[in-house]
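The values are calculated or read from the model by the stated rules, or taken from the named source; none is laboratory data. This one's a predicted model, so the numbers in the text were calculated from it and none came from an experiment. With ideal geometry, Cβ positions are generated from the backbone for all residues, glycine too; neighbour counts draw on all protein chains shown.
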């Protein structure tokens, strides 16, 4: 019985840590924008990294994906989907970006 | 002492207290995870189109004219909090707390989901008033192809929450209902992941490069 409430508390703490971490990263994201404006690449790079960090926090604390042996298959699937996504997204940007330069669409 | 809990599918695992439901959930939850990943690829395509369309404003209103970061901030906090309340509902389920408590957390989640949608629709209306309608430019078509697609997912999640609330009351805690609830929680957390992509790429990216 005691073991059970202990487990419950530990798992609840996991969710609260995930929430607190995500909240902090969100506040940082909007705080950086508010403080420094959104015009420069450096600011956007910071925002992108904060977004990536939040994705990882939520995957670990909310979706319980980690490198434990038993959740490997889920992680493999995420990694494979990420590979597919990278090919699709980078390929699209490459080809359409190239097209737009050749068509002088950036002159508009 | 430090025995790691068994973990057989993504999301919270129910463990030995719901042994039969846990076993039943294993295969279907993995199948649902495969669906979510293919949904992710679909969203990825929409993101790719948006990125290539950022400059294609055709003289129409752009991100600086249309985006309301305060509202986006509020929506982010609401969706993040709803991800926590779904997690708390799952803990209530896992640790055999009264069914009313699970339904209560689902109710809170539903309210948060609906207020998210209300804010989002208000934003779309404000954009339309400034001339930001899907047919105005490639940029706006891409925007309205992506962000409302996420909103549609949230709306489907709200409907799912209502249905599960009813099933929990009427059918009780059967293995089937429990396994559906597990998948609903997974779906809801997934929506928050997509939203992080949307604020990072659509809103901040749009304001930086648009």
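Checking each residue in the stretch B:84-102 for being touching a residue at least 60 places away in the same chain (Cβ under 8 Å), within 11 Å of another protein chain (Cβ to nearest Cβ) and surrounded by fewer than 22 Cβ atoms within 10 Å (Cβ to Cβ) picks out B:91, B:94, B:95, B:96.
Yes/no matrix, rows are residues, columns are (1) in contact (Cβ under 8 Å) with a residue 40 or more places away in the chain; (2) closer than 16 Å to residue B:108 by Cα; (3) within 14 Å of another protein chain (Cβ to nearest Cβ):
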{"site": "B:150", "(1), (2), (3)": "yes, no, no"}
{"site": "B:154", "(1), (2), (3)": "yes, yes, no"}
{"site": "B:171", "(1), (2), (3)": "no, no, no"}
{"site": "B:175", "(1), (2), (3)": "yes, no, no"}
{"site": "B:185", "(1), (2), (3)": "yes, yes, yes"}
{"site": "B:195", "(1), (2), (3)": "yes, no, yes"}
{"site": "B:203", "(1), (2), (3)": "yes, no, yes"}
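Any residue at all in the stretch A:71-79 that is at the interface with another protein chain (Cβ under 9 Å from one of its Cβ atoms), at pLDDT below 95 and farther than 15 Å from residue B:36 by Cα? Checked the stretch A:71-79: at least one residue is at the interface with another protein chain (Cβ under 9 Å from one of its Cβ atoms), at pLDDT below 95 and farther than 15 Å from residue B:36 by Cα.
Considering (1) more than 8 Å from chain A (Cβ to nearest Cβ); (2) closer than 30 Å to residue A:34 by Cβ, the lone condition that residue B:31 does not fulfil carries the number (2). Residue B:22 - would you say it is surrounded by 15 or more Cβ atoms within 10 Å (Cβ to Cβ) and either in a helix (DSSP H, G or I) or in contact with a strand residue (DSSP E or B) (Cβ under 6 Å, 6 or more places away or on another chain) (or both)? When the stated conditions are applied, residue B:22 passes them. Residues of the stretch B:43-81 that are part of a helix (DSSP H, G or I), out of contact with any helix residue (DSSP H, G or I) (no Cβ under 8 Å at 6 or more places or on another chain) and either within 10 Å of chain A (Cβ to nearest Cβ) or crowded, with 21+ Cβ neighbours inside 10 Å (or both): B:70 alone.
Every residue, every condition in (1) surrounded by 14 or more Cβ atoms within 10 Å (Cβ to Cβ); (2) in a helix (DSSP H, G or I); (3) free of Cβ contacts under 8 Å to residues at least 24 places away in the same chain, yes or no:
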site: A:28; (1), (2), (3): yes, yes, yes
site: A:38; (1), (2), (3): yes, no, yes
site: A:50; (1), (2), (3): yes, yes, no
site: A:78; (1), (2), (3): yes, yes, yes
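Inspection of the stretch B:105-114 finds a residue satisfying the criterion of being touching a residue at least 40 places away in the same chain (Cβ under 8 Å), assigned to a helix (DSSP H, G or I) and within 14 Å of chain A (Cβ to nearest Cβ).
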